[in-house]
Amino acid sequence: MAEDISPHVSEPHVLDRPWQVWSTVAVLGVVLSGILLGVLIIPIVQGRGAGLDAYTAICRALGLLPGSPAQPQPSDRTPPTPVSQVIWTPEVLQILARADVQRGYAKVQEVCVSCHGETGVSMSPDFPHLAGQSGAAIYKQLYDYRTGSRVHPLMTDIAKALDEPVIADVAAYYAGQPQRNPKPVTLAESPPEIVRLVELGDPRRNIPPCAACHRAGAGGPIETPVLAEQREEYIIQQLKIYASGQRHNDVYARMRTVASRLTDDEIAGLAAYYRAGFR
Amino acid sequence: MRNVERLCLAHFWVAFAAFLVAAVLGTWQMWVRSPLGANVGTPGHYFMSVTAHGVSMAYVLTTFFIMGFGYFVAVTALDRPLPGKPLAWAAYWLGLLGVVLAVIPIATGHASVLFTFYPPLTGSPWFYIGLVLVVAASWVWCVLMMVAMTQWKRENPGKPVPLAMFATVANAVMWLWTTVGVAAELLFQVIPAALGLVQTIDVGLARTLFSWTLHAIVYFWLIPAYIAFYTLVPRAAGGRLYSDTMGRLTFILFLIYSLPVGMHHLLMDPEHGNATKFIQVLLTAFVSVPTLLTIFTITASFEIAGRLRGGKGVLGWIGALPWERPMVLAAGLAFVMLGFGGFGGIVNMGYGMNAMVHNTAWVTAHFHLIFGGSVVIMYFAIAYEIWPRLTGREHISLMPLRLQLWLWFIGMIVMTFPWHWLGLQGQWRRVANFNYADPIIAGWGPWVVVSLGGGVILLISALLFVWNLAALHRGPAVALARPLYALAVHPPQRVPAALNGFGFWNVLVLVLMVLAYGFPIAQFVIEPSPSAIVHRVQ
């Protein structure tokens, strides 16, 4: 091409045509062969290996149908068996964000106060403290009681009597109460194996660290409850009914899996650790 | 010099001031993530620092440097006054205002969203508005570059545009295309969310629009280095450019292939099918072509220079090159870093291999080696080359310049090689700290300390760089007579219009972008995906 552009040969506009033609051919050739390979040939060949017809494989490759063209993935039509009916859609989060604390307080005075206390500090070891609990966590549990995903002799009926915005109001009210630290202890007083379980988990038993979700800002699921300063007896009770499968409203069976792998001593140690107020 | 010295220097000093701040922050980040500085500062401080480091290095250093260098090229390569100089100054102040607007929310912790934004995270609207102003300033620059070239072509009908200016305008045209993606993301999605006008954001669409910008922006940063390779390096080495046509072809290929490839940043994203990812990965493979052309052409130009200087034998010409000159040394070191970084990039480009390194320090190592290494070292060399022309003063000694370049090279290698290794071991990126009490992570500790050593060397080099430039303002005044730009072995007399302008290539880019991004973007309109809740960083 260096010779082509010497001064004697021709005017620039005459030289221009082959450049335009051949570069268009080259560039479009590359893209079109990419489309041919990526959209048609590879999906069809992969789909054949996975027992998919050509049309399904191509739609999967384009993202029009879910799944990979290379794998015979289970169809979406398998009936789901959700452990909870709560879905964190933007609408639900809007309901939470618009909750009315005053209305929540009124409902608390009417219904919740006898067991959970006016400020969310419960009087009995059977009932959890709710002060400073995450609003999303309270919301999910009340909703689960309402839909039967979680069952409790008292709470099921109470929750069924509340409608969705009121649930959010109550959750927002308790979430806004300050947490208490009735019995502060220092980190050094916790047994090292419990601290280890909280911070590192136990990879040999496939137990993830508690703090991976239950620490503020850890980035766990939105419904993760705050455990700091919770009643020791309540934590023990809940871990045990998770372990036995009696409570089963944890998404992906996260807590059932973890709790079933913990020993009784570990459960007691963790409950004591969290009662003390480590966040 | 046509009276643009102050304009160029004003741009360069903003660029290098941001660079210095970012270098200090980068070293601090490495320290707090190492076993030596563990538990210093909070994750909030860390992400604030990462945001400031990324914004300074990727947006402020680059944009202001490229604008300043562009103005310099427009007057020196075309040898005519800069058109619209008052507009250029207005753009400078607009960009500076944007930097100030963006820095305030970063420094007060209201914009710790990193320079790549990551919606549904949103920070203060001022952060985004500030960055939009920086981009708007660069758009003014793009227009001025195109006007300068058009006016020159009108005054010199039929003559080939000097390669340095041709490449600068290629970069300006590419940048206009490039910024469409991020501008759409910011103006229609992120800024409304940051202002509280909307409560949800389609993350898939936002990431797709950002990917439109994300690869080509790197070429926007890279092209000044390539301009130096083609037009300054052969001259500094005492030879000639092997092929002017190859240069034009390279910059045209950058314009075409750097845009429809951004989806290789989304290989792990669920919102796109395998087919569209495949097409863009295939196109990505072609981005290596202009780089391979450049390595060939510049090596050939080096050989010409080496042989002219008496180099004999198959490789004897390498030793005969004037390595004591900063531009030649920097080009050599940049090629080494480009080699390692390029091979790392080929790993990232492969769908399967990327899956193994995607969110690890490997990727951080790759872009620091390519951008922080090859590109920035050429920014240094360009600054050293043109500073005497801007100040009318000469370096007293080249020794501190060479020392600075060597320190940058050594620091970058010492920092990024352990990162590659740690990435292969699974060390994740974008995290504030590591728990070195964990036995697996404890094994990473020594390598993290080694890379911190590289970071410290880089900081020393950064300080020395600014010192070298500042010292030149007090150097002896001289009248420089040596030519700046390299001649080609066969200087072009006439070139086809296709190699002398961008009208035709813009049509081709449009067609390519429609084919590569048309369906991936249209699918969000055809079937809107679930939106995410806006998460405001406060």
Using beta carbons and a limit of 9 Å, which pairs, at least six apart or on different chains, have the first residue in the stretch B:384-398 and surrounded by 16 or more Cβ atoms within 10 Å (Cβ to Cβ) and the second one among the polar types (S, T, N, Q) and modelled with pLDDT of 90 or more?
B:TYR384/B:GLN404; B:TYR384/B:ASN468; B:ILE386/B:THR76; B:TRP387/B:ASN468; B:ARG389/B:THR76; B:HIS395/B:ASN468
Being hydroxyl-bearing (Ser, Thr, Tyr) and either touching a Gly at 6+ places or on another chain (Cβ under 9 Å) or more than 7 Å from chain B (Cβ to nearest Cβ) (or both) is the filter here, so list the residues in the stretch A:24-43 that pass it.
A:SER33
Could we say that A:GLN141 is within 17 Å of the chain's Cα centre (by Cα), modelled with pLDDT of 95 or more and under 24 Å from A:GLN237 (Cα atoms) here?
yes
Just to be sure I understand the filter: pairs with C-beta atoms under 8 Å, separated by 6 or more residues or on different chains, first member in the stretch B:261-289 and in contact (Cβ under 8 Å) with a residue 40 or more places away in the chain, second member among the aromatic types (Phe, Trp, Tyr) and not in a helix (DSSP H, G or I). Which pairs pass?
none
Leading residue by the ranking (nearest to the other protein chains (Cβ to nearest Cβ)) among those in the stretch B:479-498 that are free of Cβ contacts under 8 Å to residues at least 24 places away in the same chain and in a loop (DSSP other than H, G, I, E, B)
B:PRO496
Helices (runs of 4 or more DSSP H) wholly inside the stretch A:1-118 that include at least 2 residues being modelled with pLDDT of 85 or more and within 29 Å of B:GLN280 (Cα to Cα):
A:12-35, A:42-49, A:54-62
Here the residues within the stretch B:421-432 that are crowded, with 16+ Cβ neighbours inside 10 Å and within 13 Å of chain A (Cβ to nearest Cβ) are B:ALA432
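Residue-by-condition table, conditions (1) away from chain A (no Cβ under 13 Å); (2) at pLDDT 95 or above; (3) not in a helix (DSSP H, G or I):
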| position | (1), (2), (3) |
| --- | --- |
| B:TYR226 | yes, yes, no |
| B:TYR230 | yes, yes, no |
| B:VAL233 | yes, yes, no |
| B:GLY238 | yes, no, yes |
| B:PHE251 | yes, yes, no |
| B:LEU259 | no, no, yes |
| B:THR276 | no, no, no |
Considering only the stretch A:190-213, how many residues are touching a residue at least 60 places away in the same chain (Cβ under 8 Å), out of contact with any strand residue (DSSP E or B) (no Cβ under 8 Å at 6 or more places or on another chain), assigned to a helix (DSSP H, G or I) and more than 11 Å from chain B (Cβ to nearest Cβ)?
3
Every residue in the stretch B:457-491 that is surrounded by fewer than 16 Cβ atoms within 10 Å (Cβ to Cβ) and either within 22 Å of B:ARG33 (Cβ to Cβ) or modelled with pLDDT of 95 or more (or both), please.
B:LEU463, B:TRP467
Screening B:ALA497, B:ALA477 for residues that are out of contact with any helix residue (DSSP H, G or I) (no Cβ under 7 Å at 6 or more places or on another chain) and at negative phi leaves only B:ALA477
Does A:LEU227 meet the test of being out of contact with any Ser or Thr (no Cβ under 8 Å at 6 or more places or on another chain), without any contact (Cβ under 8 Å) to a residue 60 or more places away in the chain and surrounded by 15 or more Cβ atoms within 10 Å (Cβ to Cβ)?
yes
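For the stretch B:515-526: of the residues being more than 10 Å from chain A (Cβ to nearest Cβ) and free of Cβ contacts under 8 Å to residues at least 60 places away in the same chain, which is farthest from B:ALA206 (Cα to Cα)?
Restricting to residues being more than 10 Å from chain A (Cβ to nearest Cβ) and free of Cβ contacts under 8 Å to residues at least 60 places away in the same chain, the top hit is B:GLY518.
The values are calculated or read from the model by the stated rules, or taken from the named source; none is laboratory data. This structure is a prediction, so every number in the text was calculated from the model and none was measured. We place every Cβ from the backbone using ideal geometry, glycine too, and count neighbours over all the protein chains shown.
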